[in-house]
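To keep things clear, I will list the structure first and then write my remarks on it.
The values are calculated or read from the model by the stated rules, or taken from the named source; none is laboratory data. Keep in mind that this is a model prediction, so the values were computed, not measured. No Cβ is skipped: glycine too gets one built from the backbone with ideal geometry, and neighbour counts run over all protein chains shown.
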Amino acid sequence: MESLLQLMRSHVDFNDSIICDLAQKVVKRKLNRRKFILTPDSQQESLLFLTTGITRNFYRADTKEWTSRFSQPGDFILSVDSFIFDKPSKEYIETCTAIEFWEISKLDYLDLITRHHELHILTKKLSDHHLQLGINRMYNWRMLSPLQRYELFLSENPNLIMQVQGQHIASYLGVTSFDLSRIRRRFKELKASVTFFGIIDISEMYLVMSGLF
């Protein structure tokens with residue numbers, strides 16, 4: 001539970017009574033790869049804190065999928081609409097790898113934040129963080145090219161590339177699997193040009209290559 005406590009301490013100061021109450025409420029669990037944590041029209045009745053592995057939130061329409069988020073160790077796994085706003089989920093949450101996590105029921109979670117003001121502050125900060133992630137994602141979606149979104153994804157999520165299926169990364173970037181293969185080849189070409197042109201900054205790479213092609 002130390003990783004969970006470290007995350008909490010990075011946001012708020014809290015005393016031993018909170019640790020004691022929390023320890024009595026959380027349960028450590030495991031799930032195998034490709035298991036659903038949440039499905040559309042269901043309600044998220046517990047909050048999960050991921051310690052190992054990767055999950056993804058995604059939407060599905062017919063045969064198409066759109067991945068909205070990947071969760072990694074140190075993240076809370078949740079559907080904001082369902083867990084925070086008590087609405088039926090519109091999304092799936094699925095394990096990309098085998099995972100381990102700490103789980104607390106929603107009733108116990110609400111009881112703790114009612115009795116401990118520090119946890120209410122923590123919840124507010126984490127909600128603000130999720131909101132900021134959503135804003136950044138919308139900006140990147142509208143303002144960056146697919147190649148730039150891929151480069152940003154690599155820099156922010158270096159551990160995901162070898163553990164997550166390419167089709168899921170493609171759906172996160174808003175491209176097809178075929179387009180992702182082309183983007184990866186293009187990105188390798190851009191990196192190879194660094195040595196040839198003596199370019200240091202990635203933005204300079206884009207500028208040079210746009211002038212050549």
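Among all residues of the range 34-50, there is at least one that is in contact with a helix residue (DSSP H, G or I) (Cβ under 7 Å, 6 or more places away or on another chain), outside the structural domain of A170 (by TED's automatic domain parsing) and exposed (fewer than 14 other Cβ atoms within 10 Å of the Cβ). Among the residues of the range 156-168, the ones that are among the hydrophobic types (A, V, I, L, M, F, W, C) and free of Cβ contacts under 8 Å to residues at least 40 places away in the same chain come to 2 in all. When the strands (runs of 3 or more DSSP E) confined to the range 51-140 are screened for residues that are over 16 Å from the mean Cα position of the chain (by Cα) and closer than 26 Å to C20 by Cα, those reaching at least 1 such residues are found at 99-105.
Each row is one residue, and each column tells you yes or no for (1) more than 26 Å from T63 (Cα to Cα); (2) surrounded by 14 or more Cβ atoms within 10 Å (Cβ to Cβ); (3) out of contact with any strand residue (DSSP E or B) (no Cβ under 8 Å at 6 or more places or on another chain); (4) at pLDDT 90 or above.
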residue: M143; (1), (2), (3), (4): yes, no, yes, yes
residue: H168; (1), (2), (3), (4): no, yes, no, yes
residue: L180; (1), (2), (3), (4): no, yes, yes, yes
residue: R186; (1), (2), (3), (4): yes, yes, yes, no
residue: I199; (1), (2), (3), (4): yes, yes, yes, no
residue: Y206; (1), (2), (3), (4): yes, yes, yes, no
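Annotation: D86 fulfils all but one of (1) surrounded by 14 or more Cβ atoms within 10 Å (Cβ to Cβ); (2) under 22 Å from L133 (Cα atoms); (3) out of contact with any Phe, Trp or Tyr (no Cβ under 6 Å at 6 or more places or on another chain); the unmet one is (1). Restricting attention to the range 32-50, the residues that are assigned to a strand (DSSP E or B) and within 26 Å of I113 (Cβ to Cβ) total 7. Each residue in the range 155-164 was checked for being loosely packed, with under 13 Cβ neighbours inside 10 Å and not β-branched (V, I, T), and 5 pass.
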